[in-house]
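Working notes for the structure below.
Please treat every number below as a calculation from the coordinates, not as lab data. If you're wondering where the values come from, they're calculated on a predicted model, not measured in any experiment. Positions of Cβ are backbone-derived with ideal geometry, glycine not excepted, and every protein chain shown enters the neighbour counts.
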Amino acid sequence: MIEIIPVKNLDSEITVPGSKYIANRVLIIAALANGNSIIKNVPDNEDINATIEALKKLGIKINKKNSDLEIIGNGGKINSPNGEINVKESGTLLRFITGLAALAEGKTVITGSNRIKERPISDLLNSLKDLGIECKSLNDENPPVEVIGGTLNGGTTKIKGNVSSQYISSLLLISPYAKNDVKIIIELDLVSKSYVDMTISLMEEFGIKVENDNYKALKVKSGQKYNAMDYEIPGDWSSANYFLAAAAIVPGKVKINGIDNSAEGEAKFADALGKMGCKVNRKDDSIEITGKENICGIDIDMSQMPDAVQTLVAVAVFANGTTRIKNIRNLKYKESNRINDTVNELKKLGINAAAKDDEIAIKDGKVNPAIIDSHNDHRMVMSFALIGLKILGIKIENPECVNKSFPGFWDKLKEIGAEIKNE
């Protein structure tokens, strides 16, 4: 357990690790390319390390030097592994490696942590079946899963867009190597659309064209190949957002360098802080937030920046009025139930908060000290740590679970002036 000691003055300039979202996609793409790719600024965390190990099990050669990876792609030829692939706590890897296993001749069994075994996967498996792959759940529609690969024929599949955009990204990433064109028809509204945009953009950067019919249908022509190339991963917005939020909470000033301001999704978190009253200063490769004493609550649709929801919750605790965070239904299927569990932890602090099926509402009020249950959720830990920058007596259990995405979080928090006490 740790306790965060409040910060009195905040005026910092920092960098953050490379984007986990981009790294997961680029590693898959480079593994499928024909030839050597050098991927720079790869984040060092449990999720990405699990991706590297999974790719190695599928026969991909990877050499690591500091934060750079050399990936020797096999041109779409994937080996079936010896033994199971364990994705550990990574839901993204679960979805992506299930798709990749469709290219591996023979049987691949994919498993993970207890929480992973509760996360939905049947929609992706059904789409893989539509495209010619024999696959099944070994756990009542949840992981572990078994995939018999090597028969990705292509064709048309329909998939719901309101559960996880990662299903669609997984299908897109492997589609160029299908025997025939692949058409993905998306039923219902697509959640986290910005992540599908990221996948398409990266595929195009590595040489693959994706036809997008207004997110109602996506088409990838067969016979296309990824090009091996050198690629530098930009800074991670979900990591950056914690420190932008800190500027709003304390309040103070934080500048983050090495960030791509042309990005969508989680990059729009700063705009939410601007609506609450903070000053936002964007440049080509940096962003600066200056907070103020009286910020205001807002109503906001966060369907396109789901990993920033709990970060905004921490800011909303100190905002005047009520903040309503909407269209976040799929957060129930993350490392924790990020709707109900977040509200329960807020109530420990004395905050008037309410959960709905797809919404969290937070009303201003006095914040009390409390011990926060991490629910083994890295984003729960990092978000509630921000509250401790303002309120004395915030203690957090299982702080090491930040290693999933951001092992250097506590050091970076100290870098902006925080004091962390171990208990």
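Roughly how compact is the chain, stated as its Cα Rg over 2.2 N^0.38 Å to two decimals?
My calculation over the Cα atoms of the chain gives 0.97.
Run the simple label-point estimate for Asn36 and Glu293 please: 7 Å along Cα→C-beta, distance reported in nm.
6.0
Could you tell me the relative contact order of the chain? Use alpha-carbon pairs under 8 Å, at least six residues apart, and round to a whole percent.
18
Of Lys129/Lys216; Lys363/Lys412; Lys56/Lys404; Lys129/Lys221; Lys275/Lys414, which ones are farther than 23 Å apart at the Cα?
Lys363/Lys412; Lys275/Lys414
With springs connecting C-alpha atoms under 10 Å apart, model the chain as a Gaussian network and identify which of Asn153, Asn352, Asn82 has the largest mean-square fluctuation.
Between Asn153, Asn352, Asn82, it is Asn82 that shows the largest mean-square fluctuation.
Just for the stretch 65-206, what percent of DSSP beta bridges are antiparallel, to the closest 5?
Bridges in the stretch 65-206 are about 50 percent antiparallel.
Restricting to bridges with both residues inside the chain, how much of the DSSP beta-bridge set is antiparallel, in percent to the nearest 5?
Looking only at bridges with both residues in the chain, the antiparallel portion is about 70 percent.
Would you be so kind as to identify which of Asn126, Ala272, Pro143 lies farthest towards the positive end of the dipole of the chain, taking Lys and Arg as +1 and Asp and Glu as -1 on Cβ and the Cα centre as origin?
Checked the options; the winner is Asn126.
In straight Cα distance, which aspartates and glutamates are under 14 Å from Lys40, not counting same-chain residues fewer than 8 positions off?
Asp68, Glu70, Asp230, Glu232, Asp236
Sort the stretch 20-232 into rounded, prolate or oblate with this rule: let a ≥ b ≥ c be the square roots of the eigenvalues of the Cα gyration tensor; rounded if a/c is under 1.5, and if a/c is not under 1.5, prolate when a/b is larger than b/c, oblate otherwise. Let's see the in-between values first.
Working: a/c = 1.35, a/b = 1.12, b/c = 1.21.
It is rounded, given that a/c, with a ≥ b ≥ c, falls under 1.5.
Hey, which aspartates and glutamates would be in cross-link range of Lys179, C-alpha to C-alpha under 19 Å, not counting anything within fewer than 8 residues on its own chain?
Cross-link targets: Glu105, Asp130, Glu134, Glu211.
Choose one answer from Lys193, Lys65, Lys216: the residue with the largest mean-square fluctuation in a GNM of the chain with alpha-carbon springs under 10 Å.
Lys65
About the Cα centre of the chain, how large is the charge dipole given +1 on each Lys and Arg Cβ and -1 on each Asp and Glu Cβ? Please answer in debye to the nearest 20. Walk me through the numbers on the way to the answer.
Details: 54 positive and 56 negative charges, 67 e Å.
So the dipole magnitude of the chain works out to roughly 320 debye.
Charges at C-beta only: +1 for Lys and Arg, -1 for Asp and Glu. How large is the resulting dipole of the stretch 20-232 about its Cα centre, in Debye rounded to 20?
Approximately 320 debye in magnitude.
Test of understanding: what is the full-extension gain from Glu423 to Asp301, defined as 0.36 nm times their sequence separation minus their Cα-Cα distance?
40.1 nm
Note down the nm distance, to one decimal, between modelled labels 7 Å out along Cα→Cβ at Lys414 and at Glu118.
Each label point is offset 7 Å from its Cα along the Cβ direction, giving 3.3 nm.
GNM on the chain, C-alpha springs below 10 Å: top fluctuator among Thr342, Thr15, Thr323?
Thr15
State, to one decimal in nm, how far the label point of Asp44 lies from the label point of Lys356, with both points 7 Å from Cα in the Cβ direction.
Placing both labels 7 Å along Cα→Cβ, they lie 4.5 nm apart.
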